[in-house]
């Protein structure tokens with residue numbers, strides 16, 4: 001049982017509403033929060049991102065992403081590094097040492113609907129479009145993957161998102 005210090009009045013607070021996926025499409029957006037978090041199994045860490053939609057009908061909506069930058073599976077780490085590189089290309093920040101350097105920089109993202117997996121319902125999948133492709137018209141083709149960062153393993157290990165808790 002949890003006893004509150006004072007009585008809670010639910011009539012004075014707007015209740016949360018059901019989470020709805022952001023419809024598929026291109027959006028102007030920016031990263032507004034980020035932090036390294038430990039994975040559920042405790043064997044790795046991921047960079048958690050909160051992304052704010054800047055324009056249009058869904059202005060102010062949030063979408064979330066996570067990049068598994070510290071993981072025993074090298075393929076998982078490579079995918080995360082490629083995504084981080086795509087974010088850097090989308091924001092025009094090619095060299096970063098802290099995820100906060102990517103905050104509040106408008107970029108274009110491509111949102112898709114990912115089918116249900118592992119007992120979870122549908123979710124949004126986010127691709128970060130390079131600045132030179134951001135204004136391109138919509139196409140059915142997915143954006144090509146960005147190249148992996150060229151930072152040396154020693155430099156990557158010193159980045160804040162690669163430090164162990």
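Derivation of every value follows stated rules applied to the coordinates shown; laboratory data play no part. If you're wondering where the values come from, they're calculated on a predicted model, not measured in any experiment. Note: ideal-geometry Cβ built from the backbone for every residue, glycine included; neighbour counts use all protein chains shown.
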- Message: Let me check against my output: what whole-number percent is the relative contact order of segment 20-135, with C-alpha pairs under 8 Å and at least 6 apart?
- Response: 28 percent
- Query: Using a simple spin-label model with points 7 Å from Cα along the Cα→Cβ vector, what separation in nm is obtained for residue 113 and residue 64?
  - Reply: 2.1 nm
- Message: If you take every DSSP beta bridge fully contained in segment 1-114, what fraction is antiparallel? Give it as a percent rounded to 5.
- Response: 95 percent
- Note on the structure: Taking 103-115, 52-64, 82-94 and ranking on average Cβ neighbours within 10 Å, highest first, one gets 82-94, 103-115, 52-64
- Cβ crowding within 10 Å averaged over residues, with 69-76, 30-37, 5-12 ranked highest first: 30-37, 69-76, 5-12
- Note on the structure: With label points set 7 Å from each Cα along the Cα-to-Cβ direction at residue 122 and residue 39, the distance between them in nm comes to 2.8 nm
